[in-house]
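Since the structure comes first, as structure tokens, the remarks are kept for the end.
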Amino acid sequence: MAIPIKINVFEGPLDLLLHLIEKNKIDIYDIPIVEITDQYMEYIHGMETEDLGTMSEFLVMAATLLDIKCKMLLPRQVNEEGEEEDPREELVQKLLEYKMYKYMSYELKDKMDGAAGVFFKKPTIPDEVMKYREPVDPQALLASLTLEKLNQIYKSILKKQESKIDPIRSKFGTIEKEEVSLSDKMLEMKAYAAENRRFSFRGLLEGQTSKIQVIVTFLSILELMKMGYVHVKQEELFDDIQVEVKEDPDIWKNLTEFADE
């Protein structure tokens, strides 16, 4: 990264050109390029610096000024819109931008110098003051309240509460979990089998009080079939299933052990 070196009082070629324009009180939009170029070249010849990077910037600007000087001596070129092109236009735009940023830097420096002398004090407000809250006067608060306004507030609250209710979900009932275990149902089936050695499977299910009871009863019949305690049969397709007890329920010892587990 190149380190900028300040030569005399100028930061660069644009700074020098701007100084010459302001010194001679020249209109920046109508620069006498011949006069400015001569003064600029006079300053270049008097420069003494070993920094080739900085010197090259001034030489590039000198070449630009000489190029503009030559174009000013030639007939003006006409653009597509039929207007004569000014060879100084690009240089003027660069000078205006440089001038704007230069004076902006002055403003920022003044603000920085001003802020350097400002010190801020941390707040030291007592806790009593921080916790203080202005007391509320109920009479003043309710002074403008009437029964009509109170009724409007009440209705608006009810309306907001109604809008929160889902019209579909609000009609749903409460589903309560029915505690029933397979072991309890199998003990119940043991007592039922002791009274009914042969019974209808459909009739057994229809006698249950809930869906979960039907499911557990169905599972208990399957478990009893697996253990060999009951046998089921069906005469015709879609006929009722008949359940027959194969052994005396009083000797269902394994069933008692299953229920204890």
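The values are calculated or read from the model by the stated rules, or taken from the named source; none is laboratory data. Because the structure is a prediction, the values reported are computed rather than measured. Note that we place each Cβ from the backbone using ideal geometry, even for glycine, and neighbour counts take in every protein chain shown. Quick note on the areas: whole protein, heavy atoms, side chains included, nothing else; ligands and nucleic acids left out. Shrake-Rupley method; radii C 1.70, N 1.55, O 1.52, S 1.80 Å.
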> How many residues does segment 8-43 contain that are hydrophobic (A, V, I, L, M, F, W, C) and in contact with a Phe, Trp or Tyr (Cβ under 6 Å, 6 or more places away or on another chain)?
Replying inline: 2
> Do any residues in segment 97-120 that are over 15 Å from residue 18 (Cα atoms) have Cβ atoms under 8 Å from those of residues that are surrounded by 10 or more Cβ atoms within 10 Å (Cβ to Cβ) and among the polar types (S, T, N, Q), where the two are at least six apart or on different chains, and which pairs are they?
Replying inline: none
> Which of the residues belonging to segment 140-160 are modelled with pLDDT under 75 and open to solvent by 90 Å² or more (accessible area, probe 1.4 Å)?
Replying inline: 141, 142
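Residues checked against (1) modelled with pLDDT of 80 or more; (2) surrounded by fewer than 10 Cβ atoms within 10 Å (Cβ to Cβ); (3) in contact with a strand residue (DSSP E or B) (Cβ under 7 Å, 6 or more places away or on another chain):
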residue	(1), (2), (3)
121	no, yes, no
129	yes, yes, no
169	no, yes, no
174	no, yes, no
179	no, yes, no
183	yes, no, no
200	yes, no, yes
